[in-house]
Amino acid sequence: MKPRKIGEILTKNVDPSAIDDVWERLDSARKQRHQKRLGRWAFAFVALAALTAFVMVSYRSKSSHEIEMAGALQLASGEVLPTLFGGEDEALAAFDDGSRVVLERASALVPNTNGGGTISFELRRGGATFDIVPHGPRAWVIDAGIAQVAVLGTKFHVVRGANFVHVDVERGVVRVSGATLPVGGRTLTAGQSVDVREERASDVDPDDEVKTLDAPDAASNDALEHADAGNAALDARRTTHASRVTNETTSWKPLAEKGDFGGAYDVLGAKGVASETNRAETTADLLRLADVARLSGHPGDAVAPLERLLAQHRNDANASIAAFTLGKIRQDALGAPGAAAKDFETAIALGVPAALREDAFARRVEAYSKAGQASSARAARAAYEAEFPAGRYRDHVEEWAP
Amino acid sequence: MLLLTVSPALSRAATDPGEDARTILAIRAGDRAAEERLYRKYAPSLLRTATRLLRSTDDARDILQDTFIRAFERIGELNDPDAVAGWLRAICVRLVYRRFRQRKLLKVFGLDRTEEDAQLERLAAFDVGPDVRAELALLDRALDTLPAEEKVAWVLRHVEGLSLEEAALATGRSLATLKRRLSAAESAVARFSGGAS
């Protein structure tokens, strides 16, 4: 049998219906392919946009997310955080998140809140340099009595003296708040520093107060060598002190300075706030009384000291802050937006500090809007937009004064 | 004794040398009828080639459709309109390669549902005797053992009857590569045929 080529023995016929079918569906297949391509591009674009958004949101929320997840801070060795002391020389403490603290000689650093994404220390005496890992999982707060330092990640130095606190920043940003600082505190960046000094009222001997409450004597220094015993000793002294006090003017201020506004209001009561308002000689006292009232949950009682400050110390540097605070109270707590709008007008006219300026402009729009004064609200919106063309409340003011 | 030979050179229909060039120019000008002329002229041979390579009539139809979709999309890239036959075949073979890769991937996951209904044995002409069909079946089994690249080279050369140059052009490989793959495929087929017989 003669060999045959493979191609010759295979059928050359193809199904004509297959040729027709493919031709007939070719047009729709081309359109589908075109749409699929567009879809792919659209998908790629959306995916890229989503990825970009995710990365940005993740980056921005990283700190707060980690704060939620963070547990208690421990020493790098894994031990529970003890009270830290600087002995004869400097002492170094390293933590499990990579942060470090160098305690100066004879300093004492007591951990307070430790968990839930926050670690707070009380610097009872001396000085310490904090080197906190940036973008770490916890918010750090250092309480130095008359000043508090809040920070997320940075390197800074805090010294607590008998009646002053000094804070200087080497790297990053911290926010220092204290009785003698503007409402909302003061932000320090690298190279900046602040000294917070205790104010002295004429009828109080602040040195006694500081000595008694904040500057442990030799005996209490010994007590601090053992944290629990030290804390108990201080608490006992505070109790003794409180029971000793008979004059409210000598008891509410230290509590307020320590941030115990509830305790200070318990001592004063509404009548006490009113009488202290009449007796107050400095704007700082009036602001502090207002803080005691509003931060203890009695915002209505804060109106009188702020109004007096505005009436009698209008040229004082604190007047604009008082007006702003008054506006906030009337707007947020007392449901009096019309009066609040006037307060914000006053605050702006008196030259509210830069840190509060945008808030004052925006709140003025909101207050006029809620008071039903549409034309004033629109004028206030125009002023806001002119002053802060890329402001963070831009969307809100558009809503309040369309 | 082998009843089949694998020598090349199947005759191809002679065409008017200027016909394809005119059709291509008309297509580029947006002439829908010219598109259909080109399709009707080359679709049968491309469908046949795709069927013989893939051994699946369904897959072959898909490949034919995709070949012309791509061809019409890229008709502007065709430098020599008279070479349209080889150009279309090259597109078709590239899509066949892609289908082989898809099948391989699906096979890895146990998802390959390809129905091979067009092996050489089944494509035999009506008058082919059972002994030749048996040899074609043997060839089918031999081709099953080959990698896709070698299988395609062998089928283009010995079933489609392309010259070495035409097969190299269709596969997008150099002549030397084509020859190497062809040689490997021929050796494997010969071993298989000899072992089986």
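A compact table of results
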| read-out | value |
| --- | --- |
| Helices (runs of 4 or more DSSP H) completely within segment B:29-134 that count 2 or more residues being within 25 Å of residue B:154 (Cα to Cα) and in contact with a strand residue (DSSP E or B) (Cβ under 9 Å, 6 or more places away or on another chain) | B:32-54 |
| Among the candidates A:275, A:243, residue that is at pLDDT 85 or above, over 24 Å from residue A:342 (Cβ atoms) and in a helix (DSSP H, G or I) | A:275 |
| Where a residue in segment B:4-32 is surrounded by 11 or more Cβ atoms within 10 Å (Cβ to Cβ) and its partner, wherever it lies, is at pLDDT below 50, with Cβ under 8 Å and at least six apart | B:4/A:3; B:5/A:3 |
| Selection status of residue A:72, of a type outside the set (Phe, Trp, Tyr) and touching a Phe, Trp or Tyr at 6+ places or on another chain (Cβ under 8 Å) | no |
| Evaluation of residue B:103 against (1) touching a residue at least 24 places away in the same chain (Cβ under 8 Å); (2) crowded, with 17+ Cβ neighbours inside 10 Å; (3) under 24 Å from residue A:32 (Cβ atoms) (one fails), failing number | (1) |
| Subset tally (residues that are within 14 Å of chain A (Cβ to nearest Cβ) and in contact (Cβ under 8 Å) with a residue 40 or more places away in the chain) for segment B:56-86 | 7 |
| In segment A:1-27, residue nearest to the other protein chains (Cβ to nearest Cβ) [restricted to those that are surrounded by fewer than 10 Cβ atoms within 10 Å (Cβ to Cβ) and at pLDDT below 85] | A:1 |
| Filter pass, residue B:89 being surrounded by 13 or more Cβ atoms within 10 Å (Cβ to Cβ) and away from every other protein chain (no Cβ under 14 Å) | yes |
| Residue that is surrounded by the fewest Cβ atoms within 10 Å (Cβ to Cβ), among those in segment B:106-134 that are over 21 Å from the mean Cα position of the chain (by Cα), within 12 Å of chain A (Cβ to nearest Cβ) and among the aliphatic types (A, V, I, L, M) | B:128 |
| Residue match in segment B:52-65 (condition: of a type in the set (Val, Ile, Thr) and modelled with pLDDT under 90) | no |
| Pairs where the first residue, in segment A:306-318, is without any contact (Cβ under 8 Å) to a residue 40 or more places away in the chain and surrounded by fewer than 20 Cβ atoms within 10 Å (Cβ to Cβ) and the second is of a type in the set (Gly, Ala, Ser) and assigned to a helix (DSSP H, G or I), C-beta under 8 Å, 6+ apart | A:313/A:319 |
| So residue B:176, is it within 14 Å of chain A (Cβ to nearest Cβ) and more than 14 Å from the chain's Cα centre (by Cα) | no |
| Selection status of residue A:101, at pLDDT 85 or above, part of a strand (DSSP E or B) and surrounded by 11 or more Cβ atoms within 10 Å (Cβ to Cβ) | yes |
| Unique match (being crowded, with 17+ Cβ neighbours inside 10 Å and either farther than 30 Å from residue A:373 by Cα or in contact with a strand residue (DSSP E or B) (Cβ under 6 Å, 6 or more places away or on another chain) (or both)) among A:259, A:327 | A:259 |
| Test: residue A:121 is surrounded by 24 or more Cβ atoms within 10 Å (Cβ to Cβ) and hydrophobic (A, V, I, L, M, F, W, C) | yes |
| Selection count where residues are closer than 18 Å to residue A:287 by Cβ and over 23 Å from the mean Cα position of the chain (by Cα), scope segment A:341-387 | 4 |
| Condition check for residue A:189: within 17 Å of the chain's Cα centre (by Cα) and either over 28 Å from residue A:260 (Cβ atoms) or surrounded by fewer than 17 Cβ atoms within 10 Å (Cβ to Cβ) (or both) | yes |
| Residues within segment A:78-96 that are at pLDDT 85 or above and in a loop (DSSP other than H, G, I, E, B), tallied | 1 |
| Of all residues making up segment B:135-166, the number that are hydroxyl-bearing (Ser, Thr, Tyr) and either within 14 Å of chain A (Cβ to nearest Cβ) or closer than 19 Å to residue B:90 by Cβ (or both) | 1 |
| Residue among A:184, A:153, A:145 that is buried (at least 17 other Cβ atoms within 10 Å of the Cβ), modelled with pLDDT under 80 and either assigned to a loop (DSSP other than H, G, I, E, B) or within 19 Å of the chain's Cα centre (by Cα) (or both) | A:153 |
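Condition check ((1) assigned to a loop (DSSP other than H, G, I, E, B); (2) at pLDDT 95 or above; (3) closer than 23 Å to residue B:84 by Cα) across all residues:
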residue	(1), (2), (3)
B:146	yes, no, no
B:153	no, yes, yes
B:160	yes, no, yes
B:188	no, no, no
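Conditions (1) small (Gly, Ala, Ser); (2) closer than 14 Å to residue A:120 by Cα; (3) touching a residue at least 60 places away in the same chain (Cβ under 8 Å), marked per residue:
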| position | (1), (2), (3) |
| --- | --- |
| A:135 | no, no, yes |
| A:140 | no, yes, no |
| A:151 | no, yes, no |
| A:154 | no, no, no |
| A:157 | no, no, no |
| A:162 | yes, no, no |
| A:168 | no, no, no |
| A:172 | yes, no, no |
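The values are calculated or read from the model by the stated rules, or taken from the named source; none is laboratory data. Computed from a predicted structure; not experimentally measured. Cβ coordinates were reconstructed from backbone atoms using ideal geometry, including for glycine residues, and neighbour counts include every protein chain displayed.
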